[in-house]
1. Within the stretch 313-377, considering only strands (runs of 3 or more DSSP E) that don't extend past its boundaries, which have at least 1 residues that are basic (Lys, Arg)?
2. Kindly provide the set of residues from the stretch 100-132 that are closer than 20 Å to Ala18 by Cβ, buried (at least 20 other Cβ atoms within 10 Å of the Cβ) and either among the β-branched types (Val, Ile, Thr) or touching a His at 6+ places or on another chain (Cβ under 6 Å) (or both), ordered by number.
3. Looking only at the stretch 262-297, which residues are modelled with pLDDT of 80 or more, part of a strand (DSSP E or B) and either of a type in the set (Gly, Ala, Ser) or not assigned by TED's automatic domain parsing to the domain that holds Lys245 (or both)?
4. Can we say Ile414 is farther than 17 Å from Ala17 by Cβ and touching a Cys at 6+ places or on another chain (Cβ under 9 Å)?
5. Does any residue in the stretch 329-342 that is under 13 Å from Met367 (Cβ atoms) come within less than 9 Å, Cβ to Cβ, of a residue that is of a type in the set (D, E, K, R) six or more places away or on a different chain, and which pairs are these?
6. Name the pairs whose Cβ atoms lie under 6 Å apart, with the first residue in the stretch 116-140 and farther than 14 Å from His162 by Cβ and assigned by TED's automatic domain parsing to the domain that holds Gly65, the second charged (D, E, K, R) and buried (at least 19 other Cβ atoms within 10 Å of the Cβ), and 6 or more positions between them or separate chains?
7. When residues of the stretch 141-169 are filtered for being part of a loop (DSSP other than H, G, I, E, B), touching a residue at least 24 places away in the same chain (Cβ under 8 Å) and touching a helix residue (DSSP H, G or I) at 6+ places or on another chain (Cβ under 8 Å), how many remain?
8. I'd like to check something: does the stretch 2-25 contain any residue that is surrounded by fewer than 23 Cβ atoms within 10 Å (Cβ to Cβ), out of contact with any strand residue (DSSP E or B) (no Cβ under 7 Å at 6 or more places or on another chain) and among the acidic types (Asp, Glu)?
Amino acid sequence: MLLNFRVRNFRSVRDSAALSFVASADTSLRSSHCMATGLKSLPWATRGAAVYGANASGKSNLIFGLVTMSNLVRHSTALSEAQFAECYTPFLLDKHTSSEPTEFEINVVISGVRYEYGFSFNAQRISSEWLTVYRTGKGQNWFERSWNGSTHTERWASFSTHLTGPRETWRKATRPQALFLTTAAQLNSEQLKPLFDWFTEKLLVVNTGMPGLGNITLQRLDDVDFKERALDLLRAADIHIADIKVERRAGHQLNFSIEAGKPPTVLTQQGEIPQITFGHRVEGGDTVYFDQRYESLGTQMLFGCIGPLLDALENGKILVLDDIDSYLHPMVTRFIVGLFHDPAMSKGSAQLWITTHDTSLLDTDVMRRDQFWFVDKNAGQASVLVPLTDFSPRKNEALERGYLRGRYGGVPFISSLRSQ
């Protein structure tokens with residue numbers, strides 16, 4: 001499970017910003033909206049977080065930061081120097097930060113063990129990297145490295161005796177642009193593999209406006225049980241689809257390539273193209289099938305999200321949905337959020353991180369007060385992330401009205417247009 005993610009000097013984020021899933025002492029909705037961590041110091045974590053903010057406030061940049069961190073963890077040993085340099089996108093509206101390192105840090109609990117892992121980097125190299133592991137109350141500093149720009153030397157702290165294996169071999173194999181975590185995990189460090197695998201297997205990031213959204217759902221439709229669960233979910237959201245068919249026909253196939261630090265690229269090649277049709281049952285008659293082009297954008301988006309949704313719920317993953325309310329009715333958005341708070345649906349440590357403009361979610365019957373966050377731009381045009389709890393709202397406070405009135409920030413300030 002994710003406890004918190006921190007980012008500094010990345011895109012519109014200049015100063016350190018941290019999104020936390022650590023639950024407050026509030027006992028409201030704890031049995032459904034929180035899960036036990038097994039840690040004495042941080043006993044409860046929330047199952048979700050909703051981030052609000054005006055357009056261009058930086059909500060998506062927090063997610064891009066997590067994606068960049070994940071890409072570097074998974075691929076740093078394979079990136080060329082040019083590819084690595086493209087991952088570095090600091091805050092450019094400040095002469096000091098424009099050349100300082102970007103920094104990421106994450107806190108996760110895996111099988112009852114807390115990992116506090118982070119690194120910083122610039123366009124040339126990894127500037128620092130560290131890992132502290134909490135098996136008990138006291139942290140164990142398994143490894144730490146830092147680059148001295150004045151002397152052009154890298155300093156490695158002594159490895160913890162708790163980290164076993166050929167540590168010096170892993171250290172010598174770690175290139176300036178590569179992470180020690182990636183290098184050691186790929187050289188068969190069994191102790192570091194759980195943390196590495198969290199990035200590869202437990203993190204799902206979905207941009208609802210991205211082409212190819214439905215690929216994960218399509219890949220699983222041959223599974224009869226999955227197809228039935230997908231249909232159940234659509235029906236529960238009041239979308240009357242009786243069946244889904246997929247036929248593969250020859251045609252030009254679009255492949256979307258995503259590399260760390262690069263915008264998505266689209267490649268075309270001859271291949272089999274999936275043709276999706278949705279069946280609607282005629283009252284007292286047969287099922288009539290429609291090409292997906294005739295379905296609403298909301299139906300298509302929800303269909304595309306079903307694969308990641310069920311994967312996260314069934315396998316205890318964290319699902320990150322950017323702009324969850326695109327094309328969806330607010331009640332459907334509530335329905336998706338509610339799945340992660342339903343003990344019958346949400347297995348293990350499933351969590352949901354969303355960005356949204358849907359103010360109807362600002363309801364303490366839907367989410368706890370410690371699950372709401374707001375992003376705003378300060379005078380220096382830098383994104384600032386603030387939790388709702390910083391404003392000490394009352395239990396019965398009308399959060400939606402307070403937000404729209406600008407009490408918590410994260411709203412655009414609309415000015416009059418000058419007449420010509």
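The values are calculated or read from the model by the stated rules, or taken from the named source; none is laboratory data. Keep in mind that this is a model prediction, so the values were computed, not measured. Here the Cβ positions follow ideal geometry from the backbone for every residue, glycine too, while neighbour counts run over all protein chains shown.
1. 372-377
2. Thr102, Ile106, Val108, Val109
3. Once the filter is applied, which keeps residues that are modelled with pLDDT of 80 or more, part of a strand (DSSP E or B) and either of a type in the set (Gly, Ala, Ser) or not assigned by TED's automatic domain parsing to the domain that holds Lys245 (or both), the stretch 262-297 yields only Gly279.
4. no
5. Thr333/Asp325; Thr333/Asp358; Arg334/Asp358; Arg334/Asp363; Phe340/Arg47; His341/Arg47
6. Phe119/Glu129; Ser120/Glu103
7. Residues flagged as part of a loop (DSSP other than H, G, I, E, B), touching a residue at least 24 places away in the same chain (Cβ under 8 Å) and touching a helix residue (DSSP H, G or I) at 6+ places or on another chain (Cβ under 8 Å) within the stretch 141-169 amount to 1.
8. Checked the stretch 2-25: no residue is surrounded by fewer than 23 Cβ atoms within 10 Å (Cβ to Cβ), out of contact with any strand residue (DSSP E or B) (no Cβ under 7 Å at 6 or more places or on another chain) and among the acidic types (Asp, Glu).
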